[in-house]
Amino acid sequence: ISYSVAEEADKGTVVGNLAKDLNVNVRDLQTRNLNIVSGHRKKYFEANFKTGDLYVNERIDREELCLNSIKCILNVEAILSDPVVHRRIEVVIADVNDNVPTFMDKSFSLNISESSPVGERFLLPLAVDADSSSNSVKNYKLSVNEYFSLDVQSGGEHGASAELVLLKALDREKQGVIKLTLSATDGGRPPKTGTLQIIVNVLDVNDNTPSFSKTLYKARVNENAPVGSVVIQLNATDLDEGDNGKVVYSFFKRANFNPSDIFLINAETGDVSVKRELDYETQSAYEIHVQATDKGSSPRRSNGKLLIEVVDVNDNAPEIIVTSLMNPVKEDAETGSVVALVTVTDKDGGKNGQTRCKLVGSTPFKLNSNYKSYYSLVVDGPLDREAHPSYNVTIIANDDGVPSLSSSSVINVQVADVNDNAPRFLDPVINIYVKENSPVGASIFTIRAVDPDVNENARVTYSLEGDAKNIPVSSFININSETGDIVSLQSFNHEELKTFAFKVKATDSGVPPLSSNVTVNLCILDENDNNPTILAPYSEHGSVNSETVPYSAEAGYFVAKIRA
């Protein structure tokens, strides 16, 4: 999706309608968790869930984002879930004319010999305008005078430059100093203008100008060339004799670029060498203006141009940027769920900057390529927090340079618990033995159930189910719902009730809750708590009974039968 918006646009300015361009109902944007992601520190754009509009969220300064770039583009990604949809959004930042052309100095001095031929040209400083394209410097004008004209060369997209051209022979005796005003105008509507005062000092005699052997010198140097390496030797000659024919070489500083910061030039030999470390990624080429000046009392100079191309070497490893979208990941996450966005960048150019990305090791995740060096880390298999509560996912990025450079990044993915395990008793049946006549309220047993889930999903409560001899079991015993302690509510009598069974239900606190049951057999043990009792007809305690025995009874005669 491609949009365009002007820099410095007010916050809230609508860039485009995502609902329309993503072909999604506006009401679904919030339920499908629309997320706008970019690799910038500031969140320049945000989405309105009610209208589906993509609007400006932060101040946008094109010159801050894309200085010296012809086209300024901000890349963001729109991500929808259920189902997952990724769309890259390219927002072109249009330039507005908010910068005035400025010169680095308030005035510029030129020393020109009075013998300078008509038509001789003199380089003038460039005006700098941070704006781009049509809003950059487009034209120069010179104040009205009788000696000089202005030759303006259009640089197309790179702006314009100007040279001072001598129209009439100078006469130092008539006018020793000439003051001019140079105006730089940009292409905005309305245009903006900056000025520079030019002071021309008219010098005497020395009538030959040094001449370079070429109008344009070209050279190539590796970015890892050691300091002091000679890049090229310039050559200029002067037909004059003596000091007027001796040439001195120098760089010419233009605008905000000073060649002397990067290179050295030998004033006597013209050798140009490396002054400090070069970096292709910072600047891949240098356009340097050089001067050859003679040593006459009124020195004359000529201008040349040197183009130095910096050759890239593979000195930058890929950089991995990870933006987490879903961490922790629920253990019931579907295959294809996006966990994080991965961006791989390499500052090198050409093959040295082309990258490949992969995962190392065995994990239930994989990398999906979205666009060029943009990837999504997605779920690629079932997750089980109880088996693996977290994963260290290692990403390795390699570039295509020779030798190849690589870098790695480890993403710690936490797995969030869902209530997928019911409480579990250690035994299928539990037998409890209790002595009869035990005191009421005594703890007779503690039930335990375990749940491998965590937090609320693992918090277990207990309850009783069932009855004994058609009487609810809750009238005999009680269970502490938190601890599982079983407490007697009455004293048991082995002679009345020898055993009874009931069920204990363990339920976790998840949503929805899960539960399981266990059968408990409670056996009442006999105690010696009953005296023997004489049965009828001699049952009355302490009574005296009599039986008649015949006088003739012999040993073994049945007298009476006592039962207890």
message: Take Ser324 and tell me if it is modelled with pLDDT under 90, within 25 Å of the chain's Cα centre (by Cα) and open to solvent by 40 Å² or more (accessible area, probe 1.4 Å).
response: yes
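Listed here are the residues, each with its yes/no results for (1) over 20 Å from Leu123 (Cβ atoms); (2) open to solvent by less than 50 Å² (accessible area, probe 1.4 Å); (3) at pLDDT 90 or above.
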{"residue": "Thr181", "(1), (2), (3)": "no, no, yes"}
{"residue": "Pro190", "(1), (2), (3)": "yes, no, no"}
{"residue": "Ile198", "(1), (2), (3)": "no, yes, yes"}
{"residue": "Asn201", "(1), (2), (3)": "no, yes, yes"}
{"residue": "Ser213", "(1), (2), (3)": "no, no, yes"}
{"residue": "Ala225", "(1), (2), (3)": "yes, yes, yes"}
{"residue": "Ala236", "(1), (2), (3)": "no, yes, yes"}
query: over 30 Å from Ala416 (Cβ atoms) and either of a type in the set (Val, Ile, Thr) or not in a loop (DSSP other than H, G, I, E, B) (or both): does that describe Phe558?
result: no
query: Restricted to the stretch 340-383, and to residues that are among the small types (Gly, Ala, Ser) and touching a strand residue (DSSP E or B) at 6+ places or on another chain (Cβ under 7 Å), which residue is farthest from Val37 (Cα to Cα)?
result: Gly361
message: Pull out all pairs, ordered by first then second residue, where Cβ-Cβ is under 6 Å, the residues are six or more apart or on different chains, the first lies in the stretch 397-426 and is within 30 Å of Asn457 (Cα to Cα) and open to solvent by 30 Å² or more (accessible area, probe 1.4 Å), and the second is of a type in the set (A, V, I, L, M) and part of a strand (DSSP E or B).
response: Arg424/Val450
- request: Could you tell me which of the residues Thr355, Thr335 is of a type in the set (S, T, N, Q), open to solvent by less than 30 Å² (accessible area, probe 1.4 Å), farther than 30 Å from Arg254 by Cβ and over 16 Å from the mean Cα position of the chain (by Cα)?
  value: Thr355
Options Leu522, Leu535; residue that is assigned to a loop (DSSP other than H, G, I, E, B) and open to solvent by less than 80 Å² (accessible area, probe 1.4 Å): Leu535
query: Inside the stretch 510-519, can you point out the residues that are open to solvent by 60 Å² or more (accessible area, probe 1.4 Å) and β-branched (Val, Ile, Thr)?
result: Val511
- prompt: Restricting attention to the stretch 124-153, which residues are surrounded by fewer than 17 Cβ atoms within 10 Å (Cβ to Cβ) and within 20 Å of Thr209 (Cβ to Cβ)?
  reply: Ser149, Asp151
message: The conditions are (1) surrounded by 13 or more Cβ atoms within 10 Å (Cβ to Cβ); (2) out of contact with any Cys (no Cβ under 9 Å at 6 or more places or on another chain); (3) assigned to a strand (DSSP E or B); (4) of a type outside the set (Phe, Trp, Tyr), and Ser109 fails exactly one of them. Which is it?
response: (1)
- prompt: Filter the stretch 30-54 for residues that are more than 18 Å from the chain's Cα centre (by Cα) and without any contact (Cβ under 8 Å) to a residue 40 or more places away in the chain; which is nearest to Ser81 (Cα to Cα)?
  reply: Gln30
field: Entirely in the stretch 455-509, the strands (runs of 3 or more DSSP E) that have 1 or more residues that are without any contact (Cβ under 8 Å) to a residue 40 or more places away in the chain and either surrounded by fewer than 14 Cβ atoms within 10 Å (Cβ to Cβ) or of a type in the set (Val, Ile, Thr) (or both)
entry: 477-479, 499-508
task: Could you figure out which of (1) closer than 30 Å to Asn392 by Cβ; (2) not in a strand (DSSP E or B) isn't true of Gly441?
output: (1)
message: Pairs please, first residue from the stretch 538-553 and more than 14 Å from Ala564 (Cβ to Cβ), second anywhere and open to solvent by less than 100 Å² (accessible area, probe 1.4 Å) and not hydroxyl-bearing (Ser, Thr, Tyr), Cβ atoms under 6 Å, 6+ apart in sequence or on different chains.
response: Glu547/Val559; Glu547/Ala560; Val549/Val559
- request: Return yes when Glu277 is among the acidic types (Asp, Glu), part of a loop (DSSP other than H, G, I, E, B), without any contact (Cβ under 8 Å) to a residue 60 or more places away in the chain and open to solvent by 30 Å² or more (accessible area, probe 1.4 Å) and no when it is not.
  value: yes
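The values are calculated or read from the model by the stated rules, or taken from the named source; none is laboratory data. The model shown is predicted, which means the values in this text are computed figures rather than measured ones. For neighbour counting, all protein chains shown are included, and Cβ atoms are generated from backbone atoms with ideal geometry for every residue, glycine included. We work out accessible area using only protein heavy atoms, side chains counted, and drop any ligands, DNA or RNA first. Shrake-Rupley method; radii C 1.70, N 1.55, O 1.52, S 1.80 Å.
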